[in-house]
Amino acid sequence: MGRNMNTVSYTVLLLVLLAASTEIMKGMDATCHTFLGECGPAPFPAASADCFTCCVDKYGSPPACRGIIEGTDQHCHCYQFP
């Protein structure tokens with residue numbers, strides 16, 4: 001019984017690692033990585049949720065699927081699906 005449980009545990013661990021390495025579990029944000037443009041002033045005065053709203057207002061949705069504040073100058077960067 002103990003040996004069967006050990007085999008099952010290793011099999012499940014292998015499947016989880018396989019799924020993680022093939023990016024199955026990363027969801028929509030993982031594929032939304034092509035730079036679309038910048039939005040708003042620099043530095044962007046609000047949070048990343050407001051950055052995404054700015055991207056949707058400027059570019060529409062789609063193509064805008066993500067907006068995050070990045071860089072040392074804190075720009076709002078908009079991203080689209082490839």
Matching residues, the range 25-41, being surrounded by 11 or more Cβ atoms within 10 Å (Cβ to Cβ) and at pLDDT below 55: K26, D29
Residue in the range 47-61 that is outside any helix (DSSP H, G or I), among the aliphatic types (A, V, I, L, M) and at pLDDT below 95 present: yes
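Okay, residues lined up against (1) open to solvent by less than 40 Å² (accessible area, probe 1.4 Å); (2) aliphatic (A, V, I, L, M); (3) over 19 Å from T31 (Cα atoms); (4) without any contact (Cβ under 8 Å) to a residue 24 or more places away in the chain:
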site	(1), (2), (3), (4)
P43	no, no, yes, no
C51	yes, no, no, no
V56	no, yes, no, yes
Y59	no, no, no, yes
P62	no, no, no, yes
R66	no, no, no, no
C76	yes, no, no, no
Y79	yes, no, no, no
P82	no, no, no, no
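The values are calculated or read from the model by the stated rules, or taken from the named source; none is laboratory data. Every value quoted in this text rests on a predicted model; they were computed, and no experiment measured them. So basically every Cβ, Gly included, is an ideal-geometry build from the backbone, and we count neighbours across all protein chains shown. For accessibility, only protein heavy atoms count, side chains too; no ligands or nucleic acids. Shrake-Rupley method; radii C 1.70, N 1.55, O 1.52, S 1.80 Å.
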